[in-house]
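Note sheet for the following structure.
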Amino acid sequence: MARLGNVLRLPPPTTEFAVDRRVRVPMRDGVDLIADHYAPRTDTPSGTLLVRAPYGRGWPFSGLFGAVYAARGYHVVLQSVRGTFGSGGEFDPFVSEVADGADTVAWLRDQPWFTGTFATMGLSYLGWTQWALLSDPPPELKASVITVGPHDVSGPRWGTGSFALNDFLGWSDLVSRQENPNRLGLLLRQARAQRLVTRASLGSPLGASSRALLGTGAPWFETWLDHPDPNDPFWTGLRFDDVLTRSEVPVLFLTGWQDLFLEQTIRQYTQLRARGVTAGLTVGPWTHGHMMTKAAPTVLRETLDWLGTHLGGVSATRSAPVRIHVKGGGWRDLPEWPPAAKDLVLFPSPGGALRPSPTASGQSETFVYNPADPTPTVGGRLLSPAGGYRDDTVLSRRADTLTFTSDPLPTDLRVIGTPEVELAHTCPNPHNDLFVRISQVDAHGGSRNVSDGYLAAAPSATVRIELDSVAWTFPAGSRIRVLVAGGSHPRFLRNRGTGELSSAATAFATARHTVHLGEATRLTLPVSGD
């Protein structure tokens, strides 16, 4: 344990601890959930921590959420949610966490070792279980640390209206097989998981091809796929937007620029801060999968600091509410997000140029999106290891994309904030989507993704698309590229062009997109002054 702490550059352990395994925690419906209790051997514990997870209680969760904190004086309850790793009931993702979280806290109050107050922590689904508890926070809850944790898990992807096919299908396949006792077979399957998901995503009808991948597992998947409307009442219980308007619990948020929940984390932080709630935000150069690997030292150190402040009364070492990593500029403390910036406006122009002044109106560029051969996903904010920053040069060479590239930059250009693209756009087929990407192009013509945006059911009008928030330095000599396409599959469910429900549809119809150049079509970059 001490060796792990040294590797992660953590404060030294303060105590030994014991682990009481397979503790039964009763729920109101008679089901028992199973937990491991990490108990520090000290008369002056630092506090109590609750971690609720669907991924088991073994490594790495036992180390990064149990042992690290128990060795520093915390009682830790690491619980498997309903229907997973020995806990009773059936696992129906996201559905039971409000009630089960409340029942777990009721049990916690009765434990002789309970310190009287507690905090929650965890990443991804473990963040969702924290939002579930924050929906009706018990008075003993004094702090939370939510790492890449969504408050909205509705299938039509947050803000885009398109179903997050790669994430939901890949996650469903992973979770439905995670307790397979054949560990070698499971590891071999995980090694080719992205290839299997991509192949299933291209099948028609999608419901049948997805089920062929999932087998008898993940019975919930079809219900997600069959509710494509984000306003469908089906999704009401799977979003906690109202919690952002009333929660008062101090929360530390940790995420990465290439995490799939980045925009949710930033919204969570900004809404709480706007109401005066104590909150912190750290954004690093990470993907979702990095949070328990590359990001672990930062996550653990900042979590220990936050817990010590809000449970133990220890003075915080955090120097600013916002801490971000700037590509080409290192770590930076900020008083707020987004920081003050000056807008730089660039205009897509004829011949694939991206210029500081608009072209004369009346000119346009056209591309055709064919859902039978959808524009593929290359990198970006995916749950899959295939996400993150990738060489995306191949996309600019496809006939179903438009690219507009600037001249080489004379000096470094630092962009911090949320870029946006406005497109004067028409498409005769009303069943169409728009995907927009900013990339950095090097001196050899190779490009790498920086920021993406998506809009499902794009109208024939001037549309505004917010892209991923960034903290990125385009170095002198590089060029900025804007790419426009009709999809990014399988990250986003392809629009088949027919208006049919994707789970059963087999037909396709192409979509001919026209981007009208001039004053109305533009890229706006928030440029930092230093």
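The values are calculated or read from the model by the stated rules, or taken from the named source; none is laboratory data. Computed from a prediction, not measured in an experiment: that's the story for all the values here. Cβ sites come from the backbone with ideal geometry, for glycine too, and all protein chains shown count toward neighbours. SASA here: full protein model, heavy atoms, side chains in, ligands and nucleic acids out. Shrake-Rupley method; radii C 1.70, N 1.55, O 1.52, S 1.80 Å.
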*Averaging sequence separations of C-alpha pairs under 8 Å and six or more residues apart, then dividing by the length of segment 341-528, give the relative contact order as a whole percent.*
37 percent
_If exposed means no more than 10 neighbouring beta carbons inside 10 Å and the site is in a DSSP loop, what's the longest run of the chain without any exposed trypsin sites (Lys or Arg not before Pro)?_
193-396
*Looking at 472, 511, 135, which one has the Cα that reaches farthest to the positive end of the dipole of the chain (charges on Cβ: Lys, Arg +1; Asp, Glu -1)?*
472
_Can you give me the distance in nm between label points at residue 318 and residue 236, each placed 7 Å from the Cα along the Cα-to-Cβ direction?_
3.4 nm
*Grab the beta carbon distance between residue 226 and residue 366, set R0 = 56 Å, and tell me the FRET efficiency rounded to 0.05.*
0.95
*Under unit Cβ charges (Lys, Arg +1; Asp, Glu -1), what dipole magnitude, rounded to 20 debye, does the chain have relative to its Cα centre?*
1320 debye
*Of the accessible area of segment 137-180, with the probe set at 1.4 angstrom, what percent is carbon plus sulfur?*
51 percent
*Treat each spin label as a single point 7 Å out from the Cα along the C-beta direction, and report the residue 301 to residue 110 distance in nm.*
4.3 nm
*Which net charge results when you count Lys and Arg as +1 and Asp and Glu as -1 among the other residues whose beta-carbon is under 11 Å from that of residue 77?*
0
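What is the gain in length, in nm to one decimal, between residue 357 and residue 246 on full extension, counting 0.36 nm per residue of separation less the C-alpha to C-alpha distance?
Stretched out fully, the residue 357 to residue 246 stretch lengthens by 35.5 nm.
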_Sort 404, 85 by heavy-atom solvent-accessible area, probe 1.4 angstrom, most to least._
85, 404
*Please report, to one decimal in angstroms, the Kirkwood hydrodynamic radius of segment 433-517 built from all distinct Cα-Cα pairs.*
14.9 Å
*Taking only C-alpha pairs under 8 Å that are 6+ residues apart, what is the relative contact order of the chain in percent?*
14 percent
*Can you spot the aspartates and glutamates whose alpha carbon is less than 17 Å from residue 294's alpha carbon? Ignore those fewer than 8 places along the same chain.*
259, 302
_I'd like the orientation of helix 296-310 relative to the chain: the angle between its Cα long axis and the longest Cα principal axis, in ° from 0 to 90, rounded to 10._
60 degrees
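Hey, got a sec? Which GluC sites (Glu not before Pro) in segment 65-155 land in a DSSP loop and have at most 16 other Cβ atoms within 10 Å?
90, 140
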_Quick check on packing: order 260-266, 454-460 by the mean number of other C-beta atoms within 10 Å, highest mean leading._
260-266, 454-460
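How large is the Kirkwood hydrodynamic radius of segment 64-215, in angstrom, based on all distinct alpha carbon pairs?
On the way: mean 1/r = 0.0562 Å⁻¹.
Evaluated on segment 64-215, it is 17.8 Å.
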*Please give the per residue accessible area of segment 91-151, computed with a probe of 1.4 Å over protein heavy atoms only, in Å².*
27 Å²
_Debye, to nearest 20: dipole size of segment 399-530, +1 on Lys, Arg Cβ, -1 on Asp, Glu Cβ_ = 300 debye
_Spatial extent of segment 341-528: Rg and Dmax, with the Cα atoms as the point set, Å_ = 16.0, 52
*asked:* Explain nothing, just the number: dipole magnitude of segment 168-227 about its Cα centre with +1 on each Lys and Arg Cβ and -1 on each Asp and Glu Cβ, in debye rounded to the nearest 20.
replied: 340 debye
_Please compute the Kirkwood hydrodynamic radius over segment 168-227, one decimal place, Å, based on all pairs of different Cα atoms._
11.8 Å
*If each of residue 44 and residue 527 carries a label point 7 Å out from its Cα toward its Cβ, how far apart are those two points in nm?*
5.6 nm
*Straight distance only, please: which lysines reach the Cα of residue 342 with their own Cα at less than 27 Å, same-chain residues fewer than 8 apart left out?*
327
